[in-house]
Amino acid sequence: MATTTIPVDAPLKDMDEWDDFLEGRYKEGKSEEEFRQYDEKATPSVAEFYRLNHQFQTYDYVMQKEKEYFSLNKGMKTIWEAAEFLNTLVDDSDPDTDLTQIEHLLQTSEAIRADGHPRWFVLTGFVHDLGKVLCLYGEPQWGVVGDTFPVGCAYSKDIVFPEYFKANPDLNHPIYSTKYGIYEPNCGLDNVHMSFGHDGYIYEVMKPYLPQESLAMLRYHSFYPWHRHGAYEHLMNEKDKEMLHWVNKFNPYDLYSKGHTKPDMKELKPYYDDLFAEFLPEKLAW
């Protein structure tokens, strides 16, 4: 199988570096002061990643990428085919990583399944990171992963490394720099354009098939300024308040489900074949 390696000049050596940063930043039991302690010296590669992310994730950029990808014109694939495609994203420079992307997905979904959550919740755990195939379409890391945030309105101070927005032209835009920007008070997050990445992409893929609680988990699982810091409440409606509960139920599995035990693919595949067939068509548009 052909593989795509992480470019040597990419800020992160692999996608898991961002995940590890998140896990450390939001380690359970840490105080507000403790998890706000991150800087360029502590995590230089992640800092450089966010410098690029905050500079280039403008409203115009997001609208361009939504037009390019949200029409889902990248072909038809089954979930297994999409997961195998994601498996071709590898990092040859990391000799310590022997879990495939599929095995990482299974670790999340199996942790959810073990805790007795509904089957749609288990499925959400498996598919939530499949949007990272954007890297295989040629998108840069800063346009695939990272904390997400609304565009078209003022950036919150609770976004990680907020100082890097000084290079973003929207920071001084006469409309985009205001509290509500292009939005109305309590318009609902469904009507807000989020910074582009794997969350929004997999949300669009799954939108016709999964319940609204699942879709909120998919679209907002990286929206840490909202579900960890309470930012952007002025854009929320009643539905968002209900969905926040479900996003917070999902978040620990996203952060803390990784382990060293490899899931047994042969044993688990029949369960997931049945799970996919329950909710999804055989092939989905990507």
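The values are calculated or read from the model by the stated rules, or taken from the named source; none is laboratory data. This is a predicted model, so every value here is computed, not measured. With ideal geometry, Cβ positions are generated from the backbone for all residues, glycine too; neighbour counts draw on all protein chains shown. Keep in mind that these areas ignore ligands, DNA and RNA; they rest on the heavy atoms of the full protein, side chains included. Shrake-Rupley method; radii C 1.70, N 1.55, O 1.52, S 1.80 Å.
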Flag if PHE21 is open to solvent by less than 30 Å² (accessible area, probe 1.4 Å) and either at pLDDT 95 or above or assigned to a helix (DSSP H, G or I) (or both): yes
Selection from the range 238-270 of residues that are open to solvent by 50 Å² or more (accessible area, probe 1.4 Å), modelled with pLDDT of 95 or more and over 13 Å from TRP80 (Cα atoms): GLU238, LYS239, LYS241, GLU242, HIS245, TRP246, ASN248, LYS249, GLU267
Just to be sure I understand, how many residues within the range 145-163 are outside any loop (DSSP other than H, G, I, E, B) and open to solvent by 20 Å² or more (accessible area, probe 1.4 Å)? 2
Could you list, in sequence order, all residues of the range 234-263 that are in contact with a helix residue (DSSP H, G or I) (Cβ under 9 Å, 6 or more places away or on another chain), farther than 18 Å from TRP120 by Cα and either of a type in the set (S, T, N, Q) or outside any helix (DSSP H, G or I) (or both)? MET236, ASN237, LYS258, GLY259, THR261, LYS262, PRO263
Determine if the range 119-130 includes at least one residue that is open to solvent by 60 Å² or more (accessible area, probe 1.4 Å) and without any contact (Cβ under 8 Å) to a residue 24 or more places away in the chain. no
By residue number, the members of the range 47-76 that are hydroxyl-bearing (Ser, Thr, Tyr), touching a residue at least 12 places away in the same chain (Cβ under 8 Å) and part of a loop (DSSP other than H, G, I, E, B) are THR58
Within the range 115-132, track down each residue that is modelled with pLDDT of 95 or more and in a helix (DSSP H, G or I). ARG119, TRP120, PHE121, VAL122, LEU123, THR124, GLY125, PHE126, VAL127, LEU130, GLY131
Looking at the range 170-233, what helices (runs of 4 or more DSSP H) fall wholly within it and have at least 1 residues that are closer than 18 Å to HIS128 by Cβ and open to solvent by 40 Å² or more (accessible area, probe 1.4 Å)? 212-220
Within the range 53-68, residues among the hydrophobic types (A, V, I, L, M, F, W, C) and surrounded by 19 or more Cβ atoms within 10 Å (Cβ to Cβ) come out as VAL62
